[in-house]
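What follows is a single structure, written as structure tokens, with notes after it.
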Amino acid sequence: MLKRFQIIQGVGTFSNFRSPNSGIDLSRNTILYANNGYGKSTIATILKSAHVNDAQKIIARQTLTAQQTPIEQQIVIKVENGTIVFQNNEWSYNPAAIKPEILVFDQQYVFDNLFVEKVESDHKKNIHKIIIGHEGVQISEDLTIAKASEKSLKQTLDERKKELNGKLTKSGRRDYLTISDSEESAVIAELQEIENKLQISREKDELSGLIKFSTLSSMGWDFSEVSDVAKINLQSIHEDARVLFNKHIQSHLKNPDTAEGFIRQGLEQLVDHCPFCGQSLEGADALIRTYQELFDQAHNQAVEKITGLRNTWANWDPSADIFRVKGVYDQCNLSLQKVDARLALNISNKVPHIDFDGFQQRSLDVKGQIVDALSKKEENLNQEIDLQFLIDFEKEKEELNQQISNTNKMYQNAAQSAKERLEGIDTQSVQALESRKGQLSELRKRFSQEEKSWCAEYQQLESDLQAASSSCRELTDRLSAYSVEIFRTYQQGINKVLDDLGVGFRIGNLIEQVDNRAKQPFAEFQIIINGLSVTLQEKDDCPCFQNTLSEGEKNTLSFAFFVTHLKQKGDLSNTIVVFDDPLSSMDDNRRKITADIIGNLSQETKQMVVLTHKSDFLLLLYDKLESSQVLSLKKDNLNGSSIVQFDIESERKGEQQKRVEKLIRYQDEDFCEAKSIQGDIRPCLEASLRFKYFRYLNGVSTLGKICDVLQVQNKLDIDLLSDLRNLNEISSPVHHGDHDIDPIREMDRSELLPYVRKTLDVLERI
């Protein structure tokens, strides 16, 4: 019997586990509870490896450090009559120790015995592996290899067949694989003749589309409105008011250029005192009227016109127009180059080079200058604008348009020249010539060394596939004969376990059939689901094992095989049975009956070890297994996983009970942070209210909203409701994490204690 894991070092999550001096011993029935990733599967692997003396299972789980440096592996297991040690990559057994018989059910067992490969039409062989002995395992493994080889060869040959069909079609020869080398010279001669006939026709068909040159559009941008606006000034609006205005701003303002906007804004704020100095405006009536006259409707309309024009040019995108023309220009040049190469027109090198990129950058600069000039004019109508840049750009635009015009003429001339060159070319049946050329080209490839090798490999694949199929038939016959007797032995026991588990399927009669497609016999048993027989083999749309049973049901079937195998052994008094997360292999709704089955088996075995991550299943097992010891796995950064005692009684308590006990304890002793207790108040009250008033809450979970609903329903008296809302306020900040902005702060113990007492009182009143 396994007594203690004394050392586990460098294996999986166990980087450096040492059992404490007092020891954490395994009992006859031991439950090991831990979250996934903490080392349960590692424990199961260690026990399997020790049983079959397979060091590779341990080596494969080598623990690595952060620097990817392996940790030296060492395992010491104390058994009732000695020790089992793994060191220097091998197992050793104390002379006094007898190598224990350990049978492990885990996910790997499911894979190895039922789902080694994907569930396919040949899945029956994997069912056999569950119950067959050494001979059957060897046959099954050989068959798996043979079928994999057959499948691979068939897949490869199928792919090659697709290639061959293409070659047959393209070459026009059904005897492609056996064509003689003596035909090569005749194929080359005919191919050259066809190529000569195609040359002229090919040029005419292709070039007729290339010479349809598109016309380049000119740049039609109109800047006249900008010139018109530049002529606007205050003199043209109100000449008389301008004299007094200019005189005043020259005498009183530091920057005359910005005076207009400045004065206009001041007039908008005018009441009866100067908005700038606060003095009375008595005596300034004439000057004010002049300013007002200056900024009348005509002035505002002029400003609005400039503003609108500035916005228009600000949204102007010259790049779009330029890129559009450049795209046509580039495409036409490319087509012209192809025409030149075919017809030798010597035109493409004469096409003017148009610097679209430079012109695009220049247009963007001009756009900015226009917007800047209009902005200045908008600020001061009397501002003079220098439009020389626009005059210069107009010249550049006209030069570009002239280049575009010249290029269009050259395209037209090129098209006419090409058309004249093509007019004398005779039209022939291009389709027929190209078809024959393709056949001859494919035939010519046939005489290359690469293609000769391809044909030889194809013929060898056919021979190899025939041999592999023959081997599969022979091995299938052997396995079928062997499996008949084996399944007859196990069928009844398997169905008993399936019935106990309450699943909706069972194993039917074992029958011998012939696979008409594969032309080979096989032994098959049926799955009966709700009284309907289904086959393990996929047959069109008929119900079958792979499309009828869920993953949980398939795994349950492997569990039934394992349990039946144990019972067929008879005497289990010297057998250690290990279940690694059995519910991970089955539906959760079968956890009680699974615990019953394990509990019954434990009465016959030398020792039962169950590893699980499900707390509810743990409690069921603890009640079923007599005198069971419960251990747990914990993990830290220093030593990795370690084995510790587990507090089963604490696990039995619900979260609400734990919170209430925590509040009661806090009244008497300061055993934890006040923040932790403050945070427990609200969920404690929420849980009690949700339990009592679940009919009225309809999914409402937070304390504040619960109070709102129950207040509307008139389920709480005023005092109780007031206490609940007060407790919600002092507890909420802890949950919301908003201490920096919420006026309620964390409390110390002296502040919190009255609220703890109040909470306990409210719990009794709910």
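The values are calculated or read from the model by the stated rules, or taken from the named source; none is laboratory data. Every value quoted in this text rests on a predicted model; they were computed, and no experiment measured them. Cβ coordinates were reconstructed from backbone atoms using ideal geometry, including for glycine residues, and neighbour counts include every protein chain displayed.
Quick notes
- Only a single item in (1) more than 23 Å from SER208 (Cβ to Cβ); (2) assigned to a helix (DSSP H, G or I) is not met by GLN337, and it is number (1).
Conditions tested, residue by residue: (1) small (Gly, Ala, Ser); (2) surrounded by 14 or more Cβ atoms within 10 Å (Cβ to Cβ); (3) under 23 Å from THR312 (Cβ atoms).
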{"residue": "ILE354", "(1), (2), (3)": "no, yes, no"}
{"residue": "GLN360", "(1), (2), (3)": "no, yes, yes"}
{"residue": "GLN383", "(1), (2), (3)": "no, yes, yes"}
{"residue": "ASP392", "(1), (2), (3)": "no, no, yes"}
{"residue": "LYS397", "(1), (2), (3)": "no, yes, yes"}
{"residue": "ILE404", "(1), (2), (3)": "no, yes, no"}
{"residue": "GLU423", "(1), (2), (3)": "no, no, no"}
{"residue": "LEU443", "(1), (2), (3)": "no, yes, no"}
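- Matching residues in the range 1-40 - criterion: being among the small types (Gly, Ala, Ser) and either part of a strand (DSSP E or B) or closer than 24 Å to ASN600 by Cβ (or both): SER27
- Single residue of ILE211, ILE179 found to be more than 17 Å from CYS455 (Cβ to Cβ), modelled with pLDDT of 80 or more and touching a Lys or Arg at 6+ places or on another chain (Cβ under 8 Å): ILE211
- Scanning the range 35-56 for residues that are farther than 17 Å from LEU2 by Cβ and more than 32 Å from the chain's Cα centre (by Cα), we see that the one that is surrounded by the fewest Cβ atoms within 10 Å (Cβ to Cβ) is GLN56.
- Only one of the numbered conditions (1) assigned by TED's automatic domain parsing to the domain that holds ASN300; (2) within 57 Å of the chain's Cα centre (by Cα) is not met by ARG436, and that is (1).
- Meets criteria (out of contact with any Cys (no Cβ under 8 Å at 6 or more places or on another chain), of a type outside the set (A, V, I, L, M), surrounded by fewer than 18 Cβ atoms within 10 Å (Cβ to Cβ) and modelled with pLDDT under 90) for THR476: no
- Residues in the range 149-175 that are of a type outside the set (Lys, Arg) and in a loop (DSSP other than H, G, I, E, B) were compared, and the one that is farthest from GLY438 (Cα to Cα) is ASP175.
- Any hit, the range 158-167, residues being exposed (fewer than 11 other Cβ atoms within 10 Å of the Cβ) and at pLDDT below 90: no
- Restricted to helices (runs of 4 or more DSSP H) entirely inside the range 348-448, those with at least 2 residues that are farther than 30 Å from SER171 by Cα and out of contact with any Cys (no Cβ under 9 Å at 6 or more places or on another chain) are 356-379, 388-422.
- Wholly enclosed helices (runs of 4 or more DSSP H) of the range 609-704 bearing at least 2 residues among the hydroxyl-bearing types (Ser, Thr, Tyr) and over 29 Å from THR45 (Cα atoms): 674-692
- The condition of being at pLDDT below 95 and closer than 21 Å to ARG18 by Cα does not hold for LYS624.
- Residue match in the range 445-452 (condition: under 44 Å from the mean Cα position of the chain (by Cα) and over 30 Å from ASN349 (Cβ atoms)): yes
- Residue list for the range 532-580, filter: under 19 Å from ILE593 (Cβ atoms), at pLDDT 80 or above and assigned to a helix (DSSP H, G or I): THR556, LEU557, SER558, PHE559, ALA560, PHE561, PHE562, VAL563, THR564, HIS565, LEU566, LYS567
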